[in-house]
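Novice: Shown below is the structure under consideration.
A short reminder: the numbers here are calculations on the coordinates, not readings from a lab. Not measured: the values here are computed from a predicted model. Using ideal geometry, Cβ is built from the backbone for each residue, glycine included, and neighbour counts are taken over all protein chains shown.
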Amino acid sequence: MRVDGKPAAGPEDKCDPTAAAVTVDGQPVNCAPFVYVMLHKPAGVLSATEDKDQSTVLDLLPPELRRRGLFPVGRLDKDTTGLLLLTDDGELAHHLLSPKKHVDKVYLAQVEGRVDGDDVRALAAGMVLADGTRCLPAGLEPLGDGAACLVTLREGKYHQVKRMLAARGKPVLALHRLRMGPLTLDEALEAGKWRFLTHQEELRLKGTGGVQ
């Protein structure tokens, strides 16, 4: 066993589990009380911990992480791609998903048709969908000719981006999450790949969630 590259003198040795690099037989060991993973979710997998028929996001992780009991913080539709946070920190997940926290989530949407100023104003005013669902005011930023746009939500109702834009006559063709609170998808992560959050990312995320 090595700690920060040096052999451990004995079992009584102490280290900071959140900062020290611990290896056993050359393999890294994560000793932190909680794990925080950034995943670039690909299309075709479920944002779930298990499913008897279909692949889930946990199937993209190595066995040692799956054994820790990680779960996705919120959900992305099966065909939606992009940023997904996985953790075993239930308190942080609860705070990030709490409606009272209003943590921004930013999506890149490709739509049929073109979004325009009327759509921007409709989302900013807060929409009421056909089934009576009331949506909080949301941000909409057309990109280029309006066939693509950025949508910013402060809540996470079922299929919300797709339902809002469909109600405006602009069905979503593809949806990709770029950001959740202060956490931005790492552009170097290919679809299906993951990495641990950096220490600074953890601190910013915990600050957003109100967890110390």
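Novice: Along the Cα→Cβ direction, 7 angstrom out, place labels at residue 97 and residue 190. What is the inter-label distance in nm?
Specialist: The two pseudo-label positions are separated by 3.1 nm.
Novice: A further question follows. Between residue 110 and residue 143, what length comes free when the chain is fully extended (0.36 nm per residue of separation minus the Cα-Cα distance, one decimal in nm)?
Specialist: Residue separation times 0.36 nm, minus the Cα-Cα distance, leaves 10.9 nm.
Novice: Ok, one more. I'd like the FRET efficiency for residue 173 and residue 75, computed as 1/(1 + (r/R0)^6) with the beta carbon distance as r and R0 of 25 Å, rounded to 0.05. Intermediate values should be presented prior to the final figure.
Specialist: Values: r = 20 Å, r/R0 = 0.80.
Result of the calculation: an efficiency of 0.80.
Novice: Within 10 Å of each residue's Cβ, count the other Cβ atoms and sort 95, 40, 199 from fewest upward.
Specialist: In increasing order of surrounding Cβ atoms, one gets 199, 95, 40.
Novice: About the Cα centre, and with charges only on the beta carbon of Lys, Arg (+1) and Asp, Glu (-1), how big is the dipole of the range 105-180? Nearest 20 debye, please.
Specialist: Dipole about the Cα centre, nearest 20: 320 debye.
Novice: If you don't mind, another one. For residue 36, list long-range residues whose amide hydrogen, built 1.01 Å from N in the peptide plane, is under 5 Å from its own amide hydrogen.
Specialist: Under 5 Å from the amide H of residue 36: 197.
Novice: Further question: Using a Förster distance of 22 Å, how high is the FRET efficiency between residue 130 and residue 155, based on the Cβ-Cβ distance and rounded to 0.05?
Specialist: With R0 = 22 Å, the Cβ-Cβ based efficiency is 0.75.
Novice: A further question on this structure: What is the fewest-to-most order of 78, 6 by other Cβ atoms lying within 10 Å of their Cβ?
Specialist: Values: 78 14, 6 8.
The fewest-first ordering by Cβ neighbours comes to 6, 78.
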